[in-house]
Amino acid sequence: MLQVYDRVISSASEVTLVMLTIALLMAVHGTCGLDAVRARVLTRASIRLDRRIAARIMTAIRPSGAQRDASLARRYSHSSRRYTIRSAQGADL
């Protein structure tokens, strides 16, 4: 592209420069249009996919009773309350 630009500038052909500029603007405009269409298509596809599989995924990742109990025990063991309760048990009241 720069070679063409150099040749047009050196020959001082304004008509060619204007035509190249118009062609470039059309190409950029076309690319922007295609990009907008692509974004719409992907958005609609992602919404359709989300509606189709969201319920199954949420059901699959919902913890069962045993998993919930283990999760609560793990959270308690890593919390700061555990240390407070232990230090209160060892303190002379």
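Read-outs throughout are calculated quantities, based only on the coordinates presented, and are distinct from any laboratory measurement. Treat the numbers as computed from the prediction; the structure is a model and nothing was measured. Backbone-built Cβ (ideal geometry, glycine too); neighbour counts: all protein chains shown.
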Between VAL41 and ILE61, take the C-beta separation as r, use R0 = 30 Å, and let me know the FRET efficiency to the nearest 0.05. 0.60
I'd like the FRET efficiency for SER71 and ARG48, computed as 1/(1 + (r/R0)^6) with the beta carbon distance as r and R0 of 35 Å, rounded to 0.05. 0.60
